[in-house]
Amino acid sequence: MSTLDYYDPSWGVNAYYSRENNALVTLNAYLQPPIFNHDYPAPFNYAGIGVILGHELSHAFDAWGSYYDSEGKYKKDWLVPAIRSKFQERKQCFVKQYGDIKVQVDGTILSINGSLTANENIADNGGLVAAFNAFQMLKQKFNYPKQLKQFNDEQLFFIYYAYRQCSKMGQIWLKQRLSVGQHSIVPARVNLPLSNFPKFAKAFKCPLASPMNPSLKCSLW
């Protein structure tokens, strides 16, 4: 048995990146609707399982993963100082951007903890970009048929990206997520990665300096 066999049962609904094994793991239960379906249009699968895999793979290069080499060994100087400094600078953009989000919970205004959620926020943004670029490569390689008249393929990708994360969160759970959660609340996980991605603004013709196409965008790589 490999060390990966001890992480989670195959029926678990999870995917993760293992730094120590330099491995991307997807459990069987994740490869089912609404995350993945062989019969889904390609934009749906790329915006579903594609974004999830991109998210997890991004952890290989986040504030923790960037200290591990290709063999899963801790290596403090894996990034040269200049790149490490730039990494921290760009990370702070995400910390501030997410930290500026205010939410009213039981009459109290709370904020996202931009520092606590930074790694997951960076992965959300990186996963979206990676999956979208992979979908574009698919379209270039194959004669991919158009799915719907009212939306183009790029719009379908972004629509399903948001749809897949649709959820309802009660006040207690919302307060807990904002207090100690390493993931941001769902509206931020949907809207901020999209607003940081120029291809989204292009697909839906969002005016510059509008909420979904801000002048200041955050990106890591």
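For region 196-221, what are the residues that are farther than 30 Å from ARG84 by Cα and either under 17 Å from the mean Cα position of the chain (by Cα) or basic (Lys, Arg) (or both)?
Across region 196-221, the qualifying residues are LYS202, LYS205.
Among residues belonging to region 47-71 that are among the aromatic types (Phe, Trp, Tyr) and either touching an Asp or Glu at 6+ places or on another chain (Cβ under 8 Å) or in a helix (DSSP H, G or I) (or both), point out the one that is surrounded by the fewest Cβ atoms within 10 Å (Cβ to Cβ).
TYR67
For a quick check of your reading of the model, give me the residue pairs whose first member lies in region 54-82 and is on the phi > 0 side of the Ramachandran plot and small (Gly, Ala, Ser), whose second is assigned to a loop (DSSP other than H, G, I, E, B) and surrounded by 13 or more Cβ atoms within 10 Å (Cβ to Cβ), with beta-carbon atoms closer than 9 Å and at least 6 apart or on different chains.
GLY72/ARG19; GLY72/ASN21; GLY72/ASN22
Counting only residues that are touching a Phe, Trp or Tyr at 6+ places or on another chain (Cβ under 6 Å) and over 18 Å from GLN136 (Cβ atoms), how many does region 39-66 have?
So the count comes out to 3.
For region 196-221, give me the residue count where each residue is among the hydroxyl-bearing types (Ser, Thr, Tyr) and surrounded by 20 or more Cβ atoms within 10 Å (Cβ to Cβ).
Result for region 196-221: 0.
Pairs, please: C-beta under 7 Å, at least 6 apart or cross-chain, first residue under 18 Å from PHE61 (Cα atoms) and among the polar types (S, T, N, Q) and in region 124-142, second modelled with pLDDT of 95 or more and crowded, with 22+ Cβ neighbours inside 10 Å?
Once the first residue is under 18 Å from PHE61 (Cα atoms) and among the polar types (S, T, N, Q) and sits in region 124-142, its partners that are modelled with pLDDT of 95 or more and crowded, with 22+ Cβ neighbours inside 10 Å give ASN125/PRO193; ASN125/ASN196.
Could you tell me which numbered condition TYR161 fails, if it satisfies all but one of (1) over 14 Å from GLY54 (Cβ atoms); (2) among the hydroxyl-bearing types (Ser, Thr, Tyr); (3) buried (at least 20 other Cβ atoms within 10 Å of the Cβ)?
(1)
Which members of region 75-99 meet the condition of being of a type outside the set (Gly, Ala, Ser), at pLDDT 90 or above and farther than 20 Å from GLY126 by Cα? Can you show your working first?
Residues of region 75-99 of a type outside the set (Gly, Ala, Ser): 75-81, 83-84, 86-98.
Filter once more, keeping what is at pLDDT 90 or above: 86-98.
The answer is none; no residue qualifies.
If we scan region 34-46, do we find a residue that is over 21 Å from the mean Cα position of the chain (by Cα) and exposed (fewer than 14 other Cβ atoms within 10 Å of the Cβ)?
yes
Out of the residues in region 100-140 meeting the condition of being at pLDDT 95 or above and of a type in the set (Val, Ile, Thr), tell me which one is farthest from ASN45 (Cα to Cα).
Applying the filter and picking the extreme gives ILE109.
Name the residues in region 64-96 that are over 17 Å from ASN21 (Cα atoms) and small (Gly, Ala, Ser), would you?
Correct list: ALA82, SER85.
With the structure loaded, tell me whether GLN97 is in contact (Cβ under 8 Å) with a residue 24 or more places away in the chain and part of a helix (DSSP H, G or I) or whether it fails that test.
Spelling it out, GLN97 is indeed in contact (Cβ under 8 Å) with a residue 24 or more places away in the chain and part of a helix (DSSP H, G or I).
Take ASN113 and tell me if it is closer than 22 Å to PHE61 by Cα and either free of Cβ contacts under 8 Å to residues at least 12 places away in the same chain or buried (at least 17 other Cβ atoms within 10 Å of the Cβ) (or both).
The answer is yes for ASN113.
The values are calculated or read from the model by the stated rules, or taken from the named source; none is laboratory data. Note that the coordinates shown come from a computational prediction; the quantities given were computed from them, not determined experimentally. Note that we place each Cβ from the backbone using ideal geometry, even for glycine, and neighbour counts take in every protein chain shown.
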